[in-house]
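Worksheet for the structure shown next.
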Amino acid sequence: MGPIFRILFAVVVACAPATVLAADRLVTVTGEATVSVAPDVAVIRIGVGSLGKTAREASDANAKLMTTVLAAIRGAGIADRDVQTSRLSLQPQYDPNKGGTARLLGFQVTNQLTIRIRDIDSLPSILDRAIAAGANEMSGIEFIVSEQSKLLDQARDDAVSDARRKAELYAKAAGASLGPVVAINEDGASPPVRPVQSMQAMRASVPVAPGEQVLRSIVTVSFELKH
């Protein structure tokens, strides 16, 4: 073994125990924080379902009714950018009571819109307008916090502070002091999913109450311990 190889080998062996000891001088804790906020945007999915003896008849009837519904929605102050067609389907309808070969009864056309309402206070009147204009299907409603990212940043900051508070308690109990942060992992940062409601439920519950959403951040933080 040459002199250069011996020197390098000695350096590696000398550093190895220090790495192991540093890994042992850590305290790892979980911090959690929440921010409660009222939603400021509502997203509804409403539509029109139409029946006809032929596909053309069902499509024409649906188009006429949807034109009326769209006019009512736009008349309520909803911008075009906040209205999007999310589903359009044409399905044959068969007689379920006949044995053997099914008998074609007609066709059903469904046209569904996703509407973003930026003024939640106007939601009840918009629903009333849409239903009165002929909307007869609704797959759900969702309340959203538009500034979610900024509010989650606040929760993240508070979660790290909560982790530091816990780590300081553990360090003090162990007769040590808290050193710098070694690692931070985000375990979760999201609002709860709000349940959707059917058209029938919405008719019974207008006006709606958006309530509050709780934005939650959970982080796992590792600190170095100093003796």
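Counted by neighbouring Cβ atoms within 10 Å, the residues V219, V182, V214 run from fewest to most as V214, V182, V219. Candidate cross-link partners of K226 among the lysines, defined by an alpha-carbon separation under 24 Å and a same-chain spacing of 8 or more, comprise K166, K172. Among the trypsin sites (Lys or Arg not before Pro) in the stretch 33-118, those located in a DSSP loop and surrounded by at most 11 other Cβ atoms within 10 Å of their own Cβ are K98, R103.
What translational diffusion coefficient, in µm²/s and rounded to a whole number, does the Stokes-Einstein relation yield for the stretch 41-144 at 25 °C and a viscosity of 0.890 mPa s, taking the hydrodynamic radius as the Kirkwood radius over Cα pairs?
168
What is the fewest-to-most order of T67, T114, T101 by other Cβ atoms lying within 10 Å of their Cβ?
T101, T67, T114
For K64, the lysines whose Cα comes closer than 20 Å to its Cα, not counting residues fewer than 8 places off in the same chain, are K53. Taking a sphere under 15 Å around the Cβ of G31 and counting the other residues whose Cβ falls inside, with K and R at +1 and D and E at -1, yields a net charge of -3. Loop-located GluC sites (Glu not before Pro) in the stretch 131-168 (DSSP state not H, G, I, E or B) with no more than 14 neighbouring Cβ atoms inside 10 Å: E147.
Any read-out appearing in this document is the output of simple, stated calculations on the displayed coordinates, not a laboratory observation. Note that the structure is a prediction, hence the values are computed from the model and not measured. Virtual Cβ from ideal backbone geometry, glycine too; neighbours counted across all protein chains shown.
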